[in-house]
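Some notes on the structure that comes next.
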Amino acid sequence: MRFIILLIGLLVMGLLTLVLVAGSSQWVVAMAPQEAQGTTIQNDVGAPFDLRDPERIESGKALFDSTCASFCHGSEPSLFIGRTDLEPDYVYTVIRDGGRGATPMPPWGDILTPEEIWELVAYVRSLGDYPE
């Protein structure tokens with residue numbers, strides 16, 4: 001009987017952890033760069049292409065839908081829609097390095113190429129209201 005109670009408790013804790021991680025993972029990009037403690041931009045290259053390129057935005061959307069949306073942000077990421085304060089280098093660094101303890105967002109830098117990360121940046125930026 002103790003074993004069953006322990007097992008149920010572990011399952012409930014695991015489920016709660018998943019819910020909390022999924023719900024709070026959106027915080028990382030919601031913070032302004034100065035609010036992300038310990039975050040320093042270490043991307044010296046900058047975007048290797050025009051972030052307004054429709055093909056790059058579409059590639060970024062496809063990648064977002066298969067990774068970011070599936071795991072955390074959802075297919076209509078309200079966290080990014082209408083934003084104008086997300087600097088491209090900052091978004092790149094957060095995707096590459098993750099939340100670094102400030103949030104549960106995982107680092108994608110060992111999984112995605114720099115070009116793929118920049119395509120994600122292009123897509124996220126396309127959701128904002130940036131002046132032309």
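The values are calculated or read from the model by the stated rules, or taken from the named source; none is laboratory data. Values in this document were obtained by computation on a predicted structure and should not be read as measured data. Every residue, glycine among them, receives a Cβ derived from its backbone with ideal geometry; neighbour counts consider all protein chains shown.
Name the single residue that is modelled with the lowest pLDDT among those in the stretch 116-132 being under 13 Å from ASP53 (Cα atoms) and either part of a loop (DSSP other than H, G, I, E, B) or hydroxyl-bearing (Ser, Thr, Tyr) (or both).
Restricting to residues being under 13 Å from ASP53 (Cα atoms) and either part of a loop (DSSP other than H, G, I, E, B) or hydroxyl-bearing (Ser, Thr, Tyr) (or both), the top hit is GLU132.
Would you check if there is a residue in the stretch 3-16 being at pLDDT below 90, within 20 Å of the chain's Cα centre (by Cα) and either surrounded by 10 or more Cβ atoms within 10 Å (Cβ to Cβ) or assigned to a loop (DSSP other than H, G, I, E, B) (or both)?
Checked the stretch 3-16: no residue is at pLDDT below 90, within 20 Å of the chain's Cα centre (by Cα) and either surrounded by 10 or more Cβ atoms within 10 Å (Cβ to Cβ) or assigned to a loop (DSSP other than H, G, I, E, B) (or both).
Quick grid of which residues meet (1) surrounded by fewer than 19 Cβ atoms within 10 Å (Cβ to Cβ); (2) hydrophobic (A, V, I, L, M, F, W, C); (3) within 12 Å of the chain's Cα centre (by Cα):
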{"residue": "ARG56", "(1), (2), (3)": "no, no, no"}
{"residue": "THR67", "(1), (2), (3)": "yes, no, yes"}
{"residue": "GLY74", "(1), (2), (3)": "yes, no, yes"}
{"residue": "SER78", "(1), (2), (3)": "yes, no, no"}
{"residue": "ASP85", "(1), (2), (3)": "yes, no, no"}
{"residue": "PRO88", "(1), (2), (3)": "yes, no, no"}
{"residue": "THR93", "(1), (2), (3)": "no, no, yes"}
{"residue": "THR103", "(1), (2), (3)": "no, no, yes"}
